[in-house]
Amino acid sequence: MWPTKYALPQVLRLSGAGLEPAVPQTRESESAVEAEIARLKRQAAERAVEFVESGMVVGLGHGTTALFAIRRIGELLRKGQLRDILGVPCAIPVTAEAQRVGIPLTTLEEHPVVDLTIDGADEVTAALEAIKGGGGALLHEKIVAQASRREIIVVDDRKLTPVLGTRATVPVEVLSFGWRSQLAYLESLGARVTVRGSGDGRPFRTDEGNLVLDCQFGPIAEPTKLAAQLEARAGVVGHGMFLGLITDAIVAGAGGLRHLKRGDLRA
């Protein structure tokens, strides 16, 4: 049963940075902002696709930015500029979109090593640490990332942050069994926890049927320590902090595109 004690206390929207209070805007200004953000996302995604080569196994991330990359790969396949690509989708909707645009699909069982994955992020630092999972596919995305030789994150510059947790909540995927004990544990670590809803009054469920607890920690001084605390807890299936997995980030902003590589010192 949906827990009324932990129901969303205000109108919230699911954004790239997690759950945020909805801010009233005029239709015209909102449309202009959305169009500019979409343009930046497309630029970043299409630059990332330039690293895809014929014959590769490519991880297909989840979210609006990754969607632009999927569509671009499909376009290049139709034009014959890419050949023999196999995609590994990170979520059920990704599978449907990849099939729609003509990308042949495979699985990690058939191809356990992925040449390159393109994905988005909710927040990313200059050290290429990220928070992901705003779309709910955090577990599958991390599995694919860990299997990848190269993980390219595509974002617009709103997602850059000096410290993880500054603007994004950390999604934590938990089993339904005992989920309240996981909520209490996360609160003991200092999080303000929200049970993610699906928009119809019921809890959101991942592709694996699990719940997502969105955790607002604020700026995280020791993300590696926090990750270890989460990973040691029975019932916690996964979390949205991607540490040591990202090799590149393509960042789009008003000044153009930037390519950050692991080891870059500033964003």
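Just to be sure, is residue 42 out of contact with any Asp or Glu (no Cβ under 7 Å at 6 or more places or on another chain), part of a helix (DSSP H, G or I) and surrounded by fewer than 19 Cβ atoms within 10 Å (Cβ to Cβ)?
No, not satisfied.
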For this session: Kindly establish whether residue 97 is modelled with pLDDT of 95 or more, out of contact with any strand residue (DSSP E or B) (no Cβ under 7 Å at 6 or more places or on another chain), assigned to a loop (DSSP other than H, G, I, E, B) and surrounded by 12 or more Cβ atoms within 10 Å (Cβ to Cβ).
Result: no
Problem set entry | Residue identified as at pLDDT below 95 and either closer than 20 Å to residue 118 by Cα or outside the structural domain of residue 129 (by TED's automatic domain parsing) (or both) among 172, 155 | 155
Problem set entry | Selection from the stretch 205-236 of residues that are surrounded by fewer than 19 Cβ atoms within 10 Å (Cβ to Cβ), under 12 Å from residue 176 (Cβ atoms) and not small (Gly, Ala, Ser) | 205, 208
For this session: Mind listing whichever residues of the stretch 51-87 are surrounded by fewer than 21 Cβ atoms within 10 Å (Cβ to Cβ), among the charged types (D, E, K, R) and touching a helix residue (DSSP H, G or I) at 6+ places or on another chain (Cβ under 9 Å)?
Result: 71, 75, 78, 83
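The values are calculated or read from the model by the stated rules, or taken from the named source; none is laboratory data. For clarity, every value in this text was computed on a predicted model and none was experimentally measured. Cβ coordinates were reconstructed from backbone atoms using ideal geometry, including for glycine residues, and neighbour counts include every protein chain displayed.
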